[in-house]
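Here, each number is a calculation from the coordinates, and none is a lab measurement. Only a predicted model underlies this, so the values are computations on that prediction, with no experimental measurement involved. Cβ coordinates were reconstructed from backbone atoms using ideal geometry, including for glycine residues, and neighbour counts include every protein chain displayed.
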Amino acid sequence: MARSPLVDRLRASAPQISVGVLTADWLTLGSQLEILESAGVELLHFDVMDGMFCPMLTMGAPVVAGLKTRLLKDVHLMIEDPLSKLDAFVAAGADIITVHAESTRHIHRVLQALGKMTNANDSNRGIVRGIALNPGTPLEVLEPLAGEFELVLMLAVNPGWGGQKFIASTCDRVKRLREIVRDTALICVDGGVTRDNIGSIARLGADIIVTGSAVFDGKAPLENARVMTGALR
C-alpha cells in the first residue's frame, strides 16, 4: 500500500502539536480556530467517542465536516467496530484517521480498507492511517499489522475524558515503540499533556503531541498554543 504524501509533510514539521477541539469554546469556535492558525498550529484533533468503546459520547462525522478550517483534520476514532464508519469520516474531510487496535476483531481489515480510500480535500495527498494503543495494550500487537499503518498513537491515559494525569510508564513504551517502528511510522502521544511536560514528551521522540485543555483553558489559548509549540523547538 502506497504511503500517504502527508507523512513526509508531517515528519518535516515534527515535533508538532495536534490540538483537540473538544475542549474549545464552541460558542466562539470560529475565532478559536483562527487562534490556532495564528499560533502556527497545523493539526486539529477530533476525539470521536461513541459511549461504548469508552464512557463519553462526543461527536460524529457531521461535526468533522462542519468545521471549515485550513488546519489538517486529525480524527481519532474511539468507537466500536469502526469499519462501517470510515466512509463517513473520509467524506467529512479527515486527513488522518486513527483507529484503536482494541476496537474490533478485524483491525487489519479496517486498516486495509482505509488504505484504499481517497482524501476528500485533495486526492493527491492521501489519508494517514493511524493505529492507537490503550495504556494496557502490548506493543506486540503492531507486528502483524506492519505495512498497514503510518502513525502509531500511544495513549498516555485511559480513554474517555480529559484532564487525566499522564501515565509515567508511557515514557518507556514510547522509547520501545521508537525501536519497533523506527522510520516507518509517525509516533503520536495523546493524554495528560501540559505546558510543563510537553518538552519532555517531545524528547522521547514523539512526532505529534495531542493536547486539548492545556490550550483551551478558557483564559489564554493563543499564549498557551504559542508556549507549547515553542517548547517543541
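Some observations on this one:
- For Gly93, the residues whose modelled amide H falls within less than 5 Å of its own, excluding neighbours fewer than 5 places apart on the same chain, are Ala120.
- Anisotropy class of the stretch 115-223 from Cα gyration tensor, a/c 1.5 cut: oblate
- Helix-only [θ]222 nm of the chain, DSSP H runs n ≥ 4, -39500 (n - 2.57) each, per residue, nearest 500: -8000 deg cm²/dmol
- Neighbour cut-off at most 10 other Cβ (10 Å), DSSP loop, trypsin sites (Lys or Arg not before Pro), the stretch 174-221: Arg182, Lys219
- For the stretch 99-115, 3J(HN,Hα) computed residue by residue from phi via the Karplus equation (6.51, -1.76, 1.60; θ = phi - 60°) reads 10, 8, 4, 8, 7, 7, 6, 10, 5, 4, 5, 4, 5, 4, 4, 5, x Hz, glycine and proline entered as x.
- Taking amide hydrogens as placed 1.01 Å from N in the peptide plane, the amide H of Gly126 sits under 5 Å from those of Asn119, each at least 5 positions away in sequence or on another chain.
- DSSP bridge orientation in the chain - percent antiparallel, rounded to nearest 5: 5
- Semi-axis lengths, largest first, of the ellipsoid equivalent to the chain are 24, 21, 17 Å, with √(5λ) applied to each eigenvalue of the Cα gyration tensor.
- Listed by chain and number, the aspartates and glutamates whose alpha-carbon sits under 14 Å from that of Lys165, ignoring those within fewer than 8 places in the same chain, are Asp190, Asp196.
- Most mobile of Val110, Val141, Val215 in a GNM of the chain (Cα contacts under 10 Å): Val141
- Alpha carbon centroid spacing (whole Å) that separates the stretch 154-195 from the stretch 1-30: 16
- Residue with peak Gaussian network fluctuation, the chain [Cα springs, cutoff 10 Å], from Ile180, Ile131, Ile97: Ile180
- In order along the stretch 142-151, phi translates into HN-Hα couplings of 6, 4, x, 9, 3, x, 10, 9, 10, 8 Hz, rounded to whole numbers, per the Karplus curve 6.51 cos²θ - 1.76 cosθ + 1.60 with θ = phi - 60° and x for Gly and Pro.
- Taking every alpha-carbon pair under 8 Å whose residues sit at least 6 apart, the chain reaches a relative contact order of 23 percent.
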